[in-house]
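Here is the structure we will look at, set down as structure tokens.
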Amino acid sequence: MSVFTPLERHELEVFLAPYGLGRLRDFQGIAAGSENSNFFVSLEQGEYVLTLVERGPMADLPFFIELLDVLHDAGLPVPYALRTRDGEALRSLAEKPALLQPRLSGKHVREANAHHCQEVGSLLARIHVATRDAPIERRSDRGLDWMLAEGPSQALKLDDEALPLLRDALAEIAALKPRILALPRANLHADLFRDNVLFDGNHLAGVIDFYNACSGPMLYDLAITLNDWCSHEDGSLDGACARALLGAYAALRPFTATEAELWPAMLRVACVRFWLSRLIAAESFAGQEVLIHDPAEFQRRLAQRQQVNLPLPFAL
Ligand SMILES: Nc1ncnc2c1ncn2[C@@H]1O[C@H](COP(=O)(O)OP(=O)(O)O)[C@@H](O)[C@H]1O
Ligand SMILES: N[C@@H](CCOP(=O)(O)O)C(=O)O
């Protein structure tokens, strides 16, 4: 369930008029997604997606709009905010912040193959290359400090097998924090999972859901992405997919020696981030009609990342 705020046709027509995109043909709530209310909107001049922002970092909406403008200007397939005739991007509907974006074509990929992973690696590198010279600053609200603050209390609720896994990973994060924060930075998507990418056949047609985007170490974004696109059910890495993703990324943004050194640890950090957020979500949304992802998926991935036999393609 993801339409938290239903809309009447008339209020939508009034909202859409200032964009000058023609009459409303049809609209439909989107069932996927878990944070916001999203609608497919068909207007005379094309297909769009309307988002009513329900929760999350409302004060940072201007950051997301600016970042998506930068990425759109760089030629990336992202859902940038359309402007009304008066130049307004961030508006209000049903007392919620509201944005209208172009509807991107394509579907989510469930079973990723090496070709998909290659496309995703290139896309991620293009996001980083487009923003690394002048990242727009935004601190992640799920960054290292958040992990170190939330982790210990979550660890105490785990069973005897899981507890040491999380505890040791948190100790590693605390020890490596200064080195991680000194890594090369850019703007990060920070949630580039399969359900945030759209493929039209073999072609990567869109990247959506930038609400975790922030500024930070590029290597962290790569680890987040690879952990989702290149993991088997048991959490182990798929070598062919991982090499395809890393090779495509490195062709556009070569790695530094320090990145190559911190890579195995970074894969673990990225597991901790989503293990924790899923544990917290499972607790706080229990019994509600909200999509909750399985925390154990990241426990398995973290367990499998204790020995990482996947060096970064690093050239001196
Ligand atoms: N610009 C877009 N173009 C096409 N589909 C979109 C677009 N934005 C969202 N969607 C669809 O809506 C679904 C939910 O969007 P998402 O941003 O993940 O929601 P939430 O913020 O609630 O997690 C996506 O899985 C996708 O199918
Ligand atoms: N892709 C994530 C969900 C988004 O992270 P959140 O911290 O904003 O809930 C997942 O699969 O857990």
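What order do you get for 12-18, 205-211, 27-33 when each peptide is scored by the mean count of other beta carbon atoms within 10 Å, highest first?
Values: 12-18: 15.3, 205-211: 20.4, 27-33: 13.6.
Ranking, from highest mean packing down: 205-211, 12-18, 27-33.
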Give me the angle, in degrees from 0 to 90, between the Cα long axis of helix 239-252 and the longest principal axis of the Cα atoms of the chain, rounded to the nearest 10.
-> 70 degrees
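What number, in percent, do you get for the relative contact order of segment 87-202 if the mean sequence gap of Cα pairs under 8 Å and at least 6 apart is divided by its residue count?
On the way: 70 pairs, mean separation 53.4, N = 116.
For segment 87-202, the relative contact order is 46 percent.
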Report, in degrees rounded to the nearest 10, the 0 to 90 angle that the Cα long axis of helix 114-131 makes with the longest principal axis of the chain.
-> 80 degrees
Cα→Cβ-extended label distance, 7 Å offset, between A257 and Q45, nm = 5.5 nm
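Let me have the relative contact order for the chain, percent, based on Cα pairs under 8 Å that are six or more residues apart.
17 percent.
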HN-Hα J couplings of segment 3-8 from phi, Karplus 6.51/-1.76/1.60, θ = phi - 60°, integer Hz, Gly and Pro as x?
-> 9, 8, 10, x, 10, 8
Pull up all non-local amide H partners of C214: gap of 5 or more, or a different chain, and H-to-H distance under 5 Å with H placed in the peptide plane.
-> L188
Whole-Hz couplings from phi, Karplus 6.51/-1.76/1.60, listed for segment 10-19; x for Gly and Pro = 5, 5, 5, 4, 5, 4, 7, 3, x, 7
Using alpha-carbon pairs under 8 Å, 6+ residues apart, how would you state the relative contact order of segment 9-102 in percent?
-> 25 percent
Between F255 and residues 5 or more places away or on another chain, which pairs have amide H atoms under 5 Å apart, with H built 1.01 Å from N, and which residues are they?
-> A315
Return the sequence-ordered ³J(HN,Hα) values of segment 165-175 in whole Hz as given by the Karplus equation 6.51 cos²θ - 1.76 cosθ + 1.60 applied to θ = phi - 60°, using x for Gly and Pro.
-> 4, 5, 4, 5, 5, 5, 5, 5, 4, 4, 5
Across all directions of projection, what mean area in square nanometres is found for the Cα convex hull of the chain?
-> 16.4 nm²
Using only alpha carbon positions, build the gyration tensor of segment 1-77, then give the equivalent ellipsoid semi-axes as the square roots of 5 times its eigenvalues, largest first, whole angstrom.
-> 22, 18, 12
Taking the Cβ of each residue in R268, R132, R126 as the centre, tally the other Cβ atoms inside 10 Å and list the residues starting with the fewest.
-> R132, R126, R268
Rounded to two decimals, the Rg over Rh value of segment 101-237 from Cα coordinates and the Kirkwood Rh reads 1.00
Three-way shape label, segment 161-208, alpha-carbon gyration tensor, a/c 1.5 = oblate
Once you charge only the Cβ atoms, +1 for Lys and Arg and -1 for Asp and Glu, what is the size of the charge dipole of the chain about its Cα centre, to the nearest 20 debye?
-> 560 debye
When the charge dipole of the chain is computed with +1 on Lys and Arg Cβ and -1 on Asp and Glu Cβ about the Cα centre, the Cα farthest towards its positive end, among Y80, P311, M58, belongs to P311
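Would you order F298, F193 from fewest to most other beta-carbon atoms within 10 Å of each residue's own beta-carbon?
Fewest to most other Cβ atoms nearby, the residues stand as F193, F298.
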Using only the alpha-carbon atoms of segment 198-315, report the extent along each of the three principal axes, biggest first, to the nearest angstrom.
-> 50, 35, 29
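Using a cut-off of 12 Å between beta-carbons, work out the net charge of the residues near D228 (Lys and Arg +1, Asp and Glu -1, D228 not included). Don't jump to the answer; show the numbers that get you there.
Numbers: positive: R110, R194, R273, R301; negative: D191, D195, D221, D238, E297.
So the environment of D228 carries a net charge of -1.
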Between helix 257-284 and the chain: long-axis angle, C-alpha atoms, 0 to 90°, nearest 10 = 60 degrees
So if R0 is 30 Å, what FRET efficiency would A59 and L156 give, r being the distance between their Cβ atoms, rounded to the nearest 0.05?
-> 0.40
Which residues qualify? For E47, with a placed amide H closer than 5 Å and at least 5 residues away or on another chain, they are R103
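Taken together, the values in this text are just the output of simple stated rules run on the coordinates, not laboratory data. Note that the coordinates shown come from a computational prediction; the quantities given were computed from them, not determined experimentally. When we count neighbours, we look across all protein chains shown, and the Cβ atoms used for this are built from the backbone with ideal geometry, even at glycine.
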